[in-house]
1. For a test of the definition: using alpha carbon positions, the gyration tensor, and the 1.5 limit on a/c, classify the range 19-63 as rounded, prolate or oblate.
2. How large is the helix-only mean residue ellipticity at 222 nm for the chain, computed as the sum of -39500 (n - 2.57) over DSSP H runs with n ≥ 4, divided by its residue count, in deg cm²/dmol to the nearest 500?
3. Once the convex hull of the alpha carbons of the chain is built, what does its volume come to per residue, in cubic angstrom?
4. Carbon and sulfur together cover what percent of the accessible area of the chain at a 1.4 Å probe radius?
5. Could you do me a favour and compute the accessible area per residue for the chain, 1.4 Å probe, result in Å²?
6. Could you give the length gained by full extension between Q20 and E38, i.e. 0.36 nm per residue of separation minus their alpha carbon distance, to one decimal place?
Amino acid sequence: MDKDLLHLIKEIKGAENIDQLQNIKELSSAILRNKKREAMMTILEISEEMGKEEILNSIKDLSAYLESITDQGKK
């Protein structure tokens with residue numbers, strides 16, 4: 001498991017007041033930003049092998065899948 005995630009879990013378990021919850025919110029936002037950067041770097045690294053068209057098709061497929069899940073949750 002990722003050490004940032006383990007640290008976040010530890011902070012959540014130990015939270016006892018509003019200030020600590022605000023710190024947890026900031027920490028989780030920072031972790032999410034880092035994960036997004038890692039994902040974008042991964043896409044950039046594999047783009048040479050996959051090509052633009054294959055990447056765009058994969059994103060469209062994933063987007064359609066996510067929309068269908070969201071639609072099911074609204075029912």
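The values are calculated or read from the model by the stated rules, or taken from the named source; none is laboratory data. Because the structure is predicted, anything quoted here is derived from the model rather than measured. All accessible areas refer to the heavy atoms of the entire protein, side chains included, with ligands and DNA or RNA removed. Shrake-Rupley method; radii C 1.70, N 1.55, O 1.52, S 1.80 Å.
1. In terms of gyration-tensor shape, oblate.
2. -32000 deg cm²/dmol
3. Measuring per residue, one finds 130 Å³ for the Cα hull of the chain.
4. 57
5. For the chain, the per-residue accessible area is 90 Å².
6. So the extension gain works out to 3.8 nm.
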